[in-house]
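Here is the structure we will look at, set down as C-alpha coordinates.
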Amino acid sequence: MSSQMGALLASGLNELRYEPIGKRIRAVLGGGTVVDSTRAVLVWEPRRIVPSYAVPAGDIRGEVALAATAGPDDTREAGVQVPALSEGQVVDVRAGGQDRPGAGFRLADPGLAGYIVLDFGAFDGWLEEDEPNVGHPRDPFHRIDVLASSRRVRLELDGQVLAESSRPMLLFETMLPVRYYLPREDIRAELSPSDTRTYCAYKGQASYWSVAVGGRMVPDMAWTYQEPLHDAAQVRGLTAFFDERVDVVVDGERHERPITPWSPGPRT
(Lines give C-alpha, C1' and ligand atoms only; values in the text may rest on other atoms or scores of the structure.)
Protein backbone atom coordinates (compact mmCIF):
# COMPACT_ATOMS: atom_id res chain seq x y z
CA MET A 1 0.00 0.00 0.00
CA SER A 2 1.35 3.43 -0.90
CA SER A 3 2.17 6.03 1.75
CA GLN A 4 2.04 9.82 1.58
CA MET A 5 5.48 11.25 2.25
CA GLY A 6 4.18 13.90 4.62
CA ALA A 7 2.57 11.19 6.74
CA LEU A 8 5.82 9.23 6.81
CA LEU A 9 7.77 12.28 7.97
CA ALA A 10 5.21 12.94 10.67
CA SER A 11 5.02 9.33 11.80
CA GLY A 12 8.23 9.59 13.86
CA LEU A 13 7.21 12.79 15.63
CA ASN A 14 7.00 11.11 19.04
CA GLU A 15 10.42 9.50 18.68
CA LEU A 16 13.97 10.77 19.21
CA ARG A 17 15.50 11.16 15.73
CA TYR A 18 18.93 12.19 14.44
CA GLU A 19 20.77 12.61 11.13
CA PRO A 20 24.48 13.28 10.36
CA ILE A 21 24.87 16.41 8.23
CA GLY A 22 28.53 16.54 7.08
CA LYS A 23 28.75 20.32 7.55
CA ARG A 24 31.28 22.19 9.64
CA ILE A 25 29.29 23.76 12.47
CA ARG A 26 30.61 26.58 14.64
CA ALA A 27 29.10 28.53 17.53
CA VAL A 28 30.31 31.89 18.84
CA LEU A 29 30.17 33.02 22.46
CA GLY A 30 31.81 36.04 24.08
CA GLY A 31 33.56 36.99 20.83
CA GLY A 32 35.24 33.61 20.32
CA THR A 33 34.48 30.29 18.67
CA VAL A 34 33.42 27.84 21.38
CA VAL A 35 32.03 25.03 19.20
CA ASP A 36 33.83 23.80 16.10
CA SER A 37 32.75 20.44 14.71
CA THR A 38 32.73 18.49 11.46
CA ARG A 39 30.99 15.60 13.24
CA ALA A 40 27.73 17.35 14.06
CA VAL A 41 24.36 15.68 13.78
CA LEU A 42 20.87 17.11 13.79
CA VAL A 43 18.63 15.90 16.59
CA TRP A 44 14.85 16.10 16.58
CA GLU A 45 13.58 15.74 20.11
CA PRO A 46 10.24 13.96 20.62
CA ARG A 47 7.22 16.07 19.64
CA ARG A 48 9.45 18.73 18.06
CA ILE A 49 9.59 19.68 14.41
CA VAL A 50 12.65 21.96 14.45
CA PRO A 51 16.02 20.18 14.94
CA SER A 52 18.94 21.08 17.20
CA TYR A 53 22.67 20.69 16.63
CA ALA A 54 24.45 17.99 18.60
CA VAL A 55 28.23 17.70 18.66
CA PRO A 56 30.76 15.45 20.41
CA ALA A 57 31.67 16.85 23.82
CA GLY A 58 35.30 17.16 22.67
CA ASP A 59 34.30 19.69 19.99
CA ILE A 60 33.20 22.19 22.63
CA ARG A 61 36.02 24.58 23.63
CA GLY A 62 35.40 25.42 27.24
CA GLU A 63 34.20 23.96 30.49
CA VAL A 64 31.31 21.54 30.22
CA ALA A 65 29.63 20.59 33.48
CA LEU A 66 26.74 18.22 34.11
CA ALA A 67 24.22 20.28 36.05
CA ALA A 68 21.21 18.04 36.70
CA THR A 69 19.54 14.81 35.73
CA ALA A 70 16.29 15.20 33.83
CA GLY A 71 13.47 12.82 33.10
CA PRO A 72 10.59 12.79 30.62
CA ASP A 73 8.57 16.01 30.40
CA ASP A 74 10.97 17.98 32.63
CA THR A 75 11.67 21.56 31.56
CA ARG A 76 13.96 24.37 32.66
CA GLU A 77 13.04 28.04 32.81
CA ALA A 78 16.42 29.15 31.48
CA GLY A 79 18.66 27.71 28.80
CA VAL A 80 17.89 24.58 26.86
CA GLN A 81 14.47 23.03 27.07
CA VAL A 82 14.86 19.42 28.12
CA PRO A 83 13.76 16.91 25.45
CA ALA A 84 10.13 16.12 26.08
CA LEU A 85 10.38 12.34 26.17
CA SER A 86 14.06 11.69 26.79
CA GLU A 87 16.19 10.87 29.79
CA GLY A 88 19.51 12.63 30.18
CA GLN A 89 21.54 15.31 31.91
CA VAL A 90 21.44 19.08 31.59
CA VAL A 91 24.83 20.62 30.67
CA ASP A 92 26.21 24.03 31.66
CA VAL A 93 28.82 25.61 29.37
CA ARG A 94 31.44 28.18 30.38
CA ALA A 95 33.57 29.65 27.59
CA GLY A 96 34.91 33.02 26.48
CA GLY A 97 34.26 34.44 29.94
CA GLN A 98 30.58 33.65 29.55
CA ASP A 99 28.41 31.28 31.59
CA ARG A 100 25.54 29.55 29.83
CA PRO A 101 23.53 27.47 32.30
CA GLY A 102 21.53 24.78 30.56
CA ALA A 103 23.22 25.41 27.19
CA GLY A 104 23.18 21.72 26.36
CA PHE A 105 21.72 18.33 27.09
CA ARG A 106 23.47 14.95 27.13
CA LEU A 107 20.94 12.37 26.03
CA ALA A 108 20.79 8.98 27.70
CA ASP A 109 20.64 7.32 24.28
CA PRO A 110 23.25 4.81 23.04
CA GLY A 111 22.98 6.03 19.45
CA LEU A 112 24.12 9.50 20.56
CA ALA A 113 26.62 8.50 23.24
CA GLY A 114 29.23 11.23 23.74
CA TYR A 115 27.13 13.88 21.98
CA ILE A 116 25.68 17.02 23.53
CA VAL A 117 22.55 18.63 22.12
CA LEU A 118 23.08 22.42 22.08
CA ASP A 119 20.53 25.15 22.68
CA PHE A 120 20.66 27.39 19.59
CA GLY A 121 19.61 30.48 21.56
CA ALA A 122 22.28 30.05 24.24
CA PHE A 123 25.07 31.15 21.89
CA ASP A 124 25.76 34.50 20.24
CA GLY A 125 25.94 33.22 16.67
CA TRP A 126 26.22 30.15 14.45
CA LEU A 127 27.98 29.28 11.20
CA GLU A 128 27.31 26.44 8.78
CA GLU A 129 30.65 26.24 6.96
CA ASP A 130 31.35 29.99 6.50
CA GLU A 131 27.74 31.18 6.23
CA PRO A 132 25.85 32.64 9.20
CA ASN A 133 22.76 30.75 10.26
CA VAL A 134 19.79 32.41 11.99
CA GLY A 135 16.67 31.18 13.70
CA HIS A 136 17.46 27.50 14.04
CA PRO A 137 19.47 24.73 12.33
CA ARG A 138 18.45 23.98 8.76
CA ASP A 139 16.59 20.75 8.20
CA PRO A 140 17.78 18.66 5.20
CA PHE A 141 14.25 17.27 4.85
CA HIS A 142 12.75 20.76 4.70
CA ARG A 143 12.96 23.01 1.66
CA ILE A 144 11.34 25.95 -0.06
CA ASP A 145 10.55 26.57 -3.73
CA VAL A 146 9.50 29.97 -5.09
CA LEU A 147 7.68 30.04 -8.43
CA ALA A 148 6.21 32.89 -10.46
CA SER A 149 2.53 32.35 -11.29
CA SER A 150 -0.27 33.93 -13.30
CA ARG A 151 -3.00 32.44 -11.08
CA ARG A 152 -5.45 35.05 -9.85
CA VAL A 153 -5.32 35.36 -6.07
CA ARG A 154 -7.83 37.30 -3.99
CA LEU A 155 -7.59 37.73 -0.22
CA GLU A 156 -10.63 38.66 1.85
CA LEU A 157 -11.57 39.14 5.49
CA ASP A 158 -15.06 39.85 6.81
CA GLY A 159 -16.22 40.54 3.26
CA GLN A 160 -13.50 43.11 2.60
CA VAL A 161 -11.04 42.51 -0.25
CA LEU A 162 -7.53 42.92 1.15
CA ALA A 163 -5.57 42.19 -2.02
CA GLU A 164 -6.01 40.89 -5.55
CA SER A 165 -3.23 39.91 -7.92
CA SER A 166 -2.58 37.95 -11.11
CA ARG A 167 1.20 38.06 -10.63
CA PRO A 168 1.85 36.33 -7.31
CA MET A 169 5.02 34.55 -6.33
CA LEU A 170 4.08 31.21 -4.80
CA LEU A 171 6.31 29.93 -2.00
CA PHE A 172 6.06 26.19 -1.36
CA GLU A 173 7.54 25.01 1.93
CA THR A 174 7.67 21.47 3.28
CA MET A 175 4.73 20.63 5.58
CA LEU A 176 3.30 24.18 5.35
CA PRO A 177 0.53 25.71 3.22
CA VAL A 178 1.40 27.57 0.02
CA ARG A 179 2.15 31.22 0.71
CA TYR A 180 1.11 33.86 -1.82
CA TYR A 181 3.57 36.76 -2.01
CA LEU A 182 2.06 39.80 -3.67
CA PRO A 183 3.40 43.12 -5.00
CA ARG A 184 2.55 46.03 -2.74
CA GLU A 185 0.66 47.67 -5.62
CA ASP A 186 -1.85 44.78 -5.60
CA ILE A 187 -2.72 45.19 -1.92
CA ARG A 188 -5.84 47.27 -1.30
CA ALA A 189 -5.89 47.16 2.49
CA GLU A 190 -4.14 49.77 4.59
CA LEU A 191 -0.93 48.33 6.04
CA SER A 192 0.72 49.66 9.16
CA PRO A 193 4.28 48.58 10.08
CA SER A 194 4.67 46.47 13.21
CA ASP A 195 7.64 46.13 15.54
CA THR A 196 7.42 42.33 15.29
CA ARG A 197 10.37 40.49 13.74
CA THR A 198 10.85 36.76 13.25
CA TYR A 199 13.72 34.73 11.82
CA CYS A 200 13.58 31.78 9.45
CA ALA A 201 16.63 29.65 8.69
CA TYR A 202 15.52 29.38 5.04
CA LYS A 203 14.12 32.85 4.32
CA GLY A 204 15.77 35.27 6.76
CA GLN A 205 14.27 38.07 8.86
CA ALA A 206 10.61 38.90 8.38
CA SER A 207 9.08 42.27 9.28
CA TYR A 208 5.34 42.39 9.95
CA TRP A 209 2.34 44.51 9.03
CA SER A 210 -0.91 45.16 10.83
CA VAL A 211 -3.92 45.41 8.51
CA ALA A 212 -6.91 47.76 8.70
CA VAL A 213 -10.17 45.79 8.37
CA GLY A 214 -13.63 47.21 8.98
CA GLY A 215 -12.38 50.13 11.04
CA ARG A 216 -10.12 47.99 13.24
CA MET A 217 -6.42 47.22 13.02
CA VAL A 218 -5.62 43.49 13.01
CA PRO A 219 -2.03 43.04 14.27
CA ASP A 220 0.70 41.09 12.48
CA MET A 221 -1.48 39.65 9.73
CA ALA A 222 1.08 40.04 6.94
CA TRP A 223 4.85 40.03 6.55
CA THR A 224 7.67 40.95 4.18
CA TYR A 225 11.26 39.81 3.70
CA GLN A 226 13.19 42.96 2.80
CA GLU A 227 16.57 41.17 2.71
CA PRO A 228 15.77 37.48 2.20
CA LEU A 229 18.30 34.68 2.13
CA HIS A 230 19.28 33.36 -1.28
CA ASP A 231 16.68 30.57 -1.38
CA ALA A 232 13.92 33.17 -1.00
CA ALA A 233 15.42 35.96 -3.11
CA GLN A 234 12.39 36.04 -5.42
CA VAL A 235 10.04 37.25 -2.66
CA ARG A 236 12.18 40.27 -1.76
CA GLY A 237 9.89 43.19 -0.90
CA LEU A 238 6.68 41.24 -1.57
CA THR A 239 3.99 40.77 1.07
CA ALA A 240 2.28 37.57 2.23
CA PHE A 241 -0.74 37.14 4.50
CA PHE A 242 -1.50 34.33 6.93
CA ASP A 243 -3.81 31.99 4.99
CA GLU A 244 -4.88 30.74 8.42
CA ARG A 245 -6.44 34.15 9.22
CA VAL A 246 -7.87 35.36 5.90
CA ASP A 247 -10.01 33.86 3.12
CA VAL A 248 -8.03 32.92 0.02
CA VAL A 249 -9.67 32.63 -3.40
CA VAL A 250 -7.48 31.26 -6.23
CA ASP A 251 -8.83 31.30 -9.80
CA GLY A 252 -12.33 31.66 -8.39
CA GLU A 253 -12.02 28.71 -5.96
CA ARG A 254 -12.30 29.54 -2.26
CA HIS A 255 -9.80 27.62 -0.13
CA GLU A 256 -10.36 26.26 3.35
CA ARG A 257 -8.24 27.96 5.98
CA PRO A 258 -5.35 25.63 6.86
CA ILE A 259 -4.73 24.53 10.45
CA THR A 260 -1.16 25.28 11.53
CA PRO A 261 0.59 26.66 14.65
CA TRP A 262 -0.30 30.13 13.33
CA SER A 263 -4.05 29.48 13.26
CA PRO A 264 -6.05 31.81 15.54
CA GLY A 265 -8.30 28.99 16.78
CA PRO A 266 -11.62 27.54 15.62
CA ARG A 267 -13.56 29.76 13.27
CA THR A 268 -16.82 31.15 14.65
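The values are calculated or read from the model by the stated rules, or taken from the named source; none is laboratory data. Small disclaimer: the values here were computed from a predicted structure and weren't measured. For neighbour counting, all protein chains shown are included, and Cβ atoms are generated from backbone atoms with ideal geometry for every residue, glycine included. Accessible surface areas use protein heavy atoms only, side chains included; no ligands, DNA or RNA. Shrake-Rupley method; radii C 1.70, N 1.55, O 1.52, S 1.80 Å.
Taking the chain as a Gaussian network, where each spring joins two C-alpha atoms under 10 Å apart, which residue of A222, A113, A206 fluctuates the most?
A113
Work out the charge dipole of the chain with +1 on the Cβ of Lys and Arg and -1 on the Cβ of Asp and Glu about the Cα centre, then indicate which of G31, A7, V90 is farthest towards its positive end.
Result: A7, furthest along the dipole toward the positive end.
Excluding R26 itself, what net charge comes from residues whose Cβ is under 12 Å from its Cβ, given Lys and Arg +1 and Asp and Glu -1?
With Lys, Arg at +1 and Asp, Glu at -1, the net is -4.
Please compute the Kirkwood hydrodynamic radius over segment 190-268, one decimal place, Å, based on all pairs of different Cα atoms.
13.8 Å
Do any chymotrypsin sites (Phe, Trp or Tyr not before Pro) in segment 91-177 lie in a loop, going by DSSP, with at most 14 other beta-carbon atoms within 10 Å of their beta carbon, and if so which?
Those satisfying the criteria are F141.
Hey, got a sec? Which chymotrypsin sites (Phe, Trp or Tyr not before Pro) in segment 207-268 land in a DSSP loop and have at most 15 other Cβ atoms within 10 Å? Walk me through the intermediate numbers first.
On the way: sites: Y208, W209, W223, Y225, F241, F242, W262; in loops: F242, W262.
Passing both the DSSP loop test and the Cβ count: W262.
Using only Cα positions of segment 99-225, each an equal point scatterer, no hydration layer, compute I(q)/I(0) via Debye at q = 0.09, 0.13, 0.16, 0.23 Å⁻¹ and quote the log10 values to two decimals.
Listed by q, the Debye log ratios stand at -0.42, -0.74, -0.95, -1.42.
Could you state the accessible area per residue of the chain in Å², with a 1.4 Å probe and every protein chain left in place?
With all protein chains present, the chain gives 52 Å² per residue.
Among L66, L42, L118, which one shows the highest mean-square fluctuation when the chain is modelled as a Gaussian network with alpha-carbon springs under 10 Å?
Of L66, L42, L118, the Gaussian network model singles out L66 as fluctuating most.
Any idea how far the Cα center of segment 210-234 sits from the one of segment 130-155, in Å?
15 Å
Roughly what % of Cα-Cα distances in the chain sit above 28 Å, to the whole percent?
Working: 16244 of 35778 pairs.
The calculated P(r) of the chain puts 45 percent of pairs beyond 28 Å.
Compute the Rg/Rh shape ratio of segment 100-145: radius of gyration over Kirkwood radius, all on alpha-carbon atoms.
1.03
I need the per residue convex hull volume for segment 143-185, using only the alpha carbons, in cubic angstrom as a whole number.
Residue-normalised Cα hull volume stands at 71 Å³.
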